[in-house]
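As structure tokens, the structure follows; a few thoughts come after it.
What follows draws every value from the coordinates through simple rules; no lab data is involved. Not measured: the values here are computed from a predicted model. Ideal geometry is used to build each Cβ from the backbone, glycine not excepted, and the neighbour counts take in all protein chains shown.
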Amino acid sequence: MSENSSPLPATAKHNPPSDEELVLKVIPMPADCNANGDIFGGWVMAQVDLAGSVIPARYVDGRMATVAVNEFIFKQPVRVGDILSFYAKLSRIGRTSITVKVEVYAERFRAQGTYIKVTEASLTYVAIDDAGKPREVPVRP
């Protein structure tokens, strides 16, 4: 969808989740665009990976790595100048891994305060030692 297209239908507008934590806000720039004028999906994926790592970092007490992108859904295009808010929520803590859900909401630059869900994803991170081998996630009291 280009900037000249009609606005998204009212059903596409959302409020940000109240049960998830805001972990990142970022504004994509023209260098992040594809030939259609939309933001590269890979750029969005990289930002989701960064946002998704915030909560697991509190638990692993050291190094970690992204081990899986379990699900990634692009719901709406992202445009230059959108204010993107990344919300994350802990889904699961395993012996060596942590899975999080990330939802991305866009505020169109000229329509701030109106949120549109543009992406949702589930990612799994694994705690690793200095040699890059999986290690147990420390037990939290």
Next on the checklist: Please verify whether PRO77 is closer than 28 Å to GLY132 by Cα, crowded, with 17+ Cβ neighbours inside 10 Å and within 16 Å of the chain's Cα centre (by Cα), treating the condition exactly as stated.
Outcome noted: no
Next on the checklist: If I filter the range 90-136 down to residues being basic (Lys, Arg) and loosely packed, with under 15 Cβ neighbours inside 10 Å, which single residue comes out as nearest to ASP19 (Cα to Cα)?
Outcome noted: ARG92
Item to check | Among the residues listed as VAL137, VAL67, VAL102, VAL118, the single one being in contact with a Leu (Cβ under 7 Å, 6 or more places away or on another chain) and β-branched (Val, Ile, Thr) | outcome: VAL102
Checklist outcome for this item: Cβ pairs under 7 Å, 6+ apart or interchain, first in the range 59-80 and under 11 Å from VAL100 (Cβ atoms) and touching a residue at least 24 places away in the same chain (Cβ under 8 Å), second exposed (fewer than 14 other Cβ atoms within 10 Å of the Cβ) and among the polar types (S, T, N, Q), ordered by first then second residue, are none
